[in-house]
Amino acid sequence: MHELSLAEGLIEILTEEASKQAYRQVRKVVLEIGEFSHVAPDAMRFCFEIAAQGSVAEGAVLDLTFRQAMGECRCCGESVVMHSRYDACPACGAYGIRVVEGEDMSIKYIEVV
Ligand SMILES: [Zn+2]
């Protein structure tokens, strides 16, 4: 499952941060997910709970927010908000917009004790 490896990566980051910033426990994590990252929120929450067991993030609340995908037209260079990967450019009508943002996820906020 794609979400499990993402969740495990997330726990790894939190564990590393815990030793750097000297906190003992994570209470809440706000994660921003790109619209094109193919992360299923329910699966992500479920996998996070499993991956967090025995770690600094055990029992932490996972909050998910979505970030709109942005692209750049290869033809005219216009920045566009993307709703699907195969949108045409609203400015010049060309296809093949390059995705600039929205394929990854990032940690927005961590609440610790
Ligand atoms: Zn264009």
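Where a number appears in this text, it was derived from the coordinates with a stated rule and is not lab data. These numbers come from a predicted model, not from an experiment. FYI the Cβ positions are ideal-geometry reconstructions off the backbone, even for glycines, and counts take in every protein chain you see.
Listed from fewest to most Cβ neighbours within 10 Å, the set 29, 61 follows the order 61, 29.
What you get for the stretch 60-113, charging only the Cβ of Lys and Arg (+1) and of Asp and Glu (-1), is a dipole of about 160 debye around the Cα centre. Listed values for the stretch 73-79 are Karplus-derived 3J(HN,Hα) couplings in whole Hz (6.51 cos²θ - 1.76 cosθ + 1.60, θ = phi - 60°), namely 5, 5, 8, 10, x, 5, 7, and x replaces Gly and Pro. Spin-label model, residue 30 to residue 99: label points 7 Å out along the Cα-to-beta-carbon direction sit 2.4 nm apart.
Can you say what percent of the DSSP beta bridges in the stretch 12-107, counting only those with both residues inside, are antiparallel? Round to 5. Around 60 percent antiparallel, to the nearest 5. The relative contact order of the chain comes to 34 percent, based on Cα pairs under 8 Å that sit 6 or more residues apart. To the nearest 0.05, how large is the calculated FRET efficiency for residue 108 and residue 74 if R₀ is 22 Å and r is the Cβ-Cβ distance? Efficiency computed from Cβ-Cβ geometry: 0.15. Cα-based radius of gyration for the chain, normalised by 2.2 N^0.38 Å, reads 1.30.
Simple spin-label estimate for residue 12 and residue 91 gives 3.8 nm between the two label positions (7 Å along the Cα-to-Cβ direction from each Cα). Rounded to the nearest 10 degrees, the inclination of helix 2-21 to the longest alpha-carbon principal axis of the chain is 60 degrees.
Exposure proxy shown here: for 87, 42, the number of other Cβ atoms within 10 Å sets the order, fewest to most, as 42, 87. About the centre of its Cα atoms, the chain shows a dipole size close to 140 debye [charges on the beta carbon of Lys, Arg (+1) and Asp, Glu (-1) only; nearest 20 debye].
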